[in-house]
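Presented below is the structure to which this report refers.
The values are calculated or read from the model by the stated rules, or taken from the named source; none is laboratory data. Since we're looking at a predicted model, the values are computed, not measured. Virtual Cβ from ideal backbone geometry, glycine too; neighbours counted across all protein chains shown. Ligands, DNA and RNA are stripped out before the accessible areas are found, and what is left, the full protein with its side chains, is counted by its heavy atoms. Shrake-Rupley method; radii C 1.70, N 1.55, O 1.52, S 1.80 Å.
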Amino acid sequence: MQSIKKFGFTIILCCFWVIGFAQSNQINGIISTRNENLEFATVKITGSNLGGISNSEGKYIITNIPYGNYNVSASLMGFQTLTKSIKIDSSTTSVTLDFELVESDLLLNQFVVTGTKTFKRETESAVIVNIIDSKTLDDVQACNLSEGLKFQPGLRVETDCQTCNYTQLRMNGLAGGYSQILINGRPIFSPLTGLYGLEQVPTNMIERIEIVRGGGSALYGSSAIGGTVNVLTKLPTKNSFDIGFTHQNINGGALDNIVSGNGALITKKKNAGISFFLNGRNRQFYDHNNDNFSELPELKNQSFGSTVFLQPTKNQKIELSISNLNEFRYGGEMVDKPAYLTQQAEERTHKVWLGSLNYQINFNNDSSSVIAYMAGQNTNRDHYTGIFPDDSTEIIQHLENPPYGYSTNTTLQGGVQFNHKFKTFNDLQNVLTLGTEYVSDKVYDEIEAYNYLVDQETQTFGVFAQSDWEITPSVNLLTGLRLDKHNFVNRAIFSPRVSLLYKLKKTTQFRATWGTGFRAPQAFDSDLHIAFAGGGVSRISLANNLKEERSNSLSASVNYDLSKETFVVGFTFEGFYTFLYNAFYLHPLGVDEFGQRFEKRNGDGATVQGLTLELRGNYNRKLQLETGMTLQTSSYTQPIENAENLPPKQNFLRTPNVYGYGTLTFNPTRKFNTTLSMVYTGGMDLVHFAGAPEIKEDQYFTSPSFTEIGIKISYTIGIKSIRSGIELFGGVKNIFNAYQNNFDSGKNRDSNFIYGPGAPRTFFMGLRIKSI
């Protein structure tokens, strides 16, 4: 009987304990920033499975917490993680714990992936990785990838054709073919896509852009000598929408209208989601010198795409991304006629599909992972490039067989990557990465009337290995080796790289990198562009004995950032040196019945070297400055012949020795934002071919320097009842109209004689309706 009483008393005590536990042992509070509540913030108790997610009012609650001392953290993408300590005992069974998160404007330690093919904090990466996020793209009113890439040190986007406005990206002074452009880490930005693709990718498709300058990006294989640009598309992170309209007036001579939309849906458990984008653009052609021939072509763009992710289990993730880019582009005589009846014109119709599929599984307590991936792109292009002849016999031939052409390009990639993280001495770690991949690219480009044909299929099989070794808490050694077998090269090519990082306290990092690379003897983007010059068209062919181009690159840098509660100031100073063996150059072959011909040949060598300085500052997340300047020289070992009637030159053409950028953002509240932007381009040497009325003979020309200055002002009106806002914005690009003023005129103009900013003064205004 006594034992039954004791048992009953114990049961009663347990019931009271359980009831008390369930009712009162809890943490609750509000997650906010700048007095605005944050939805979908994650709150976790460190070392346990207990946690919660904030609702639309920023409120969260965690229940059933045993007595004890705990660290509680709150996190949300775009904000710094905040951790607080609490104690729960019999006297404080219910705790109110509010979190005010700080935006990541002051965050110096973002995760990046491009430098090592694995996720790594920026300050922990042995290779410098620069970031352009979607907010920066919005602040400078970049409408496409081409306009956004200008705002990074060591990068310059140039326009290379007065008629069609084909653009290329130059990194550290090297031409576009030396830069590897990736979409979600995959090299599907092919040579043909590279001609106009920088303008075809809209910024509302982009989450962020990661940039690695120099040979430190050899892990990505061929064409990464100058560096790597990785365009990461938007992933769904929360339920959201964004619809916008922008109207641009180009120097009073052309109108440009852009419609954009984004949306995302995600499950309550956040284990699946979908995002999508759409973009439409209609731009009139623009004539700057009043000769009725355009300097900016007419554009009609439509693009859309979607990204889907699924996490079947906590350690698995499947990600699918697909995009479609459609563009009509017309430049030349501004008349309402079919292209072949105009005095001069380039007309292009592009249909591009891009896609990728990734599968990742983590195991060994997240110490190991395997990533299997495949990606591809397909481009179909109908095009016309021609000048209406003067001779009656030639007119008949032109009308019977106008120079229309057809292009098709397919790129396929597949690969597997294995990562393993293991502990070394003193609880440090080494991340080993092994992988193999295959890339195939087939280009067919023909204009029958010019007897012009590029029929090229490249195949590259590569294997790579990398060790990311944390030798001490202050020293990190990154070593990597890639082996590529390219079907245009007789032997397999080894491309090693070594990077060393030394961290001095928390403020300073010293880095040094050495790497090698190669470019195969194939046709790259600029080789696929037919230009007008001297009353005809110029074409590029490959020499029969063309060898691969090899590179040897060195760079060293110091990075300093002082971070306080209300401000951040910092700088990066970098020196770079690249030597090219068997450097490619274009040798003039003379003129045939269609125009000028050039042949790509190997030179003795070339050297590109320089210095880059970046400065940055942020005061209380209200005033932010970012600026960078590059000083460099680029020259061949021996002078190169650029035109039959001109003396050889040793310096690279179209390569300024000084260029830079700057942005200054004033953001006193979350509703109001003002951004000043600047892009500086120093003088450079060009060849100006005769043919237009303004020039009687071929000559060298040194361009003046240009400084583009822009401003954007925006204000957001919040609508709390539907958790949305209306953003009104406006501003001016190239305020002082720093634009080339000596364009050739008429149908026989040299379309390659173009330099400086890509567009004249442009006024813009618009609105966005978005979730907040």
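Structure above, values below:
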read-out	value
Criterion (over 25 Å from Asp287 (Cα atoms), open to solvent by 40 Å² or more (accessible area, probe 1.4 Å) and of a type in the set (A, V, I, L, M, F, W, C)) met by exactly one of Ile709, Ile713	Ile713
Near pairs, Cβ below 6 angstrom, 6+ apart or cross-chain, from region 697-708 (closer than 12 Å to Leu686 by Cβ and at pLDDT below 95) to any residue that is open to solvent by 50 Å² or more (accessible area, probe 1.4 Å) and outside any strand (DSSP E or B)	Asp698/Asn645
Test for Tyr715: is it touching a residue at least 40 places away in the same chain (Cβ under 8 Å) and either more than 24 Å from Gly244 (Cβ to Cβ) or touching a helix residue (DSSP H, G or I) at 6+ places or on another chain (Cβ under 6 Å) (or both)	no
Residue list for region 564-602, restricted to those being open to solvent by 10 Å² or more (accessible area, probe 1.4 Å) and not in a strand (DSSP E or B)	Lys564, Glu565, Thr566, Asn582, Asp592, Glu593, Phe594
Unique residue being within 24 Å of Thr655 (Cβ to Cβ) and polar (S, T, N, Q) when the list is Thr167, Thr203	Thr167
Per-region count, region 264-291, residues of a type in the set (Gly, Ala, Ser), under 17 Å from Met205 (Cβ atoms) and surrounded by fewer than 18 Cβ atoms within 10 Å (Cβ to Cβ)	1
Residue that is touching a Leu at 6+ places or on another chain (Cβ under 7 Å), within 25 Å of Phe532 (Cα to Cα) and either at pLDDT 95 or above or open to solvent by less than 30 Å² (accessible area, probe 1.4 Å) (or both), where the choices are Leu728, Leu686	Leu686
Test: residue in region 491-508 that is touching a residue at least 40 places away in the same chain (Cβ under 8 Å), among the basic types (Lys, Arg) and closer than 18 Å to Ala175 by Cβ	no
Positions within region 214-252 being over 28 Å from Ser306 (Cβ atoms), open to solvent by 20 Å² or more (accessible area, probe 1.4 Å) and part of a strand (DSSP E or B), in sequence order	Asn249
Every pair of residues 6+ apart whose Cβ atoms lie under 6 Å, when the first sits in region 269-297 and is over 27 Å from Lys238 (Cα atoms) and without any contact (Cβ under 8 Å) to a residue 60 or more places away in the chain while the second is of a type outside the set (A, V, I, L, M) and surrounded by fewer than 16 Cβ atoms within 10 Å (Cβ to Cβ)	Asn282/Asn257; Asn282/Lys300
Qualifying positions in region 194-210 - open to solvent by less than 10 Å² (accessible area, probe 1.4 Å), under 30 Å from Lys300 (Cβ atoms) and not small (Gly, Ala, Ser)	Leu195, Tyr196, Leu198, Val201, Pro202, Met205, Ile206, Ile209
Hey, Lys270 of a type in the set (D, E, K, R) and on the phi > 0 side of the Ramachandran plot or not	yes
Residue list for region 492-535, restricted to those being in contact with an Asp or Glu (Cβ under 8 Å, 6 or more places away or on another chain), more than 30 Å from His688 (Cα to Cα) and either assigned to a loop (DSSP other than H, G, I, E, B) or open to solvent by 40 Å² or more (accessible area, probe 1.4 Å) (or both)	Ala492, Thr507
Residue in region 685-695 that is among the aliphatic types (A, V, I, L, M) and assigned to a strand (DSSP E or B) present	yes
Flag for Ser303 being farther than 30 Å from Ser745 by Cα and open to solvent by less than 20 Å² (accessible area, probe 1.4 Å)	yes
Whichever residue in region 487-538 is closer than 26 Å to Tyr585 by Cβ, among the aromatic types (Phe, Trp, Tyr) and within 26 Å of the chain's Cα centre (by Cα) and, among such residues, is modelled with the highest pLDDT	Trp514
Checking Thr675 against (1) touching a helix residue (DSSP H, G or I) at 6+ places or on another chain (Cβ under 6 Å); (2) modelled with pLDDT under 95; (3) not charged (D, E, K, R), the condition it does not meet	(2)
Output for region 112-139, where each listed residue is among the aliphatic types (A, V, I, L, M), open to solvent by 20 Å² or more (accessible area, probe 1.4 Å) and either farther than 19 Å from Phe576 by Cβ or outside any loop (DSSP other than H, G, I, E, B) (or both)	Val113, Ile131
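Residues are listed down the side, and each one gets a yes or a no for (1) farther than 20 Å from Asn358 by Cα; (2) surrounded by fewer than 15 Cβ atoms within 10 Å (Cβ to Cβ):
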| site | (1), (2) |
| --- | --- |
| Thr424 | yes, yes |
| Tyr438 | no, yes |
| Thr458 | yes, no |
| Phe464 | no, no |
| Asn476 | yes, no |
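Each row is one residue, and each column tells you yes or no for (1) open to solvent by less than 20 Å² (accessible area, probe 1.4 Å); (2) of a type outside the set (A, V, I, L, M, F, W, C); (3) touching a strand residue (DSSP E or B) at 6+ places or on another chain (Cβ under 9 Å); (4) touching a residue at least 60 places away in the same chain (Cβ under 8 Å).
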position: Ser146; (1), (2), (3), (4): yes, yes, yes, yes
position: Leu169; (1), (2), (3), (4): yes, no, yes, yes
position: Leu174; (1), (2), (3), (4): yes, no, yes, yes
position: Ile183; (1), (2), (3), (4): yes, no, yes, yes
position: Arg186; (1), (2), (3), (4): no, yes, yes, yes
position: Ser190; (1), (2), (3), (4): yes, yes, yes, yes
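Yes or no, residue by residue, for (1) touching a residue at least 24 places away in the same chain (Cβ under 8 Å); (2) under 32 Å from the mean Cα position of the chain (by Cα); (3) closer than 24 Å to Gly590 by Cβ:
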site: Ile640; (1), (2), (3): yes, no, yes
site: Leu646; (1), (2), (3): yes, no, yes
site: Leu653; (1), (2), (3): yes, yes, yes
site: Pro656; (1), (2), (3): yes, yes, no
site: Gly660; (1), (2), (3): yes, yes, no
site: Leu664; (1), (2), (3): yes, yes, no
site: Asn667; (1), (2), (3): yes, yes, no
site: Leu676; (1), (2), (3): yes, yes, no
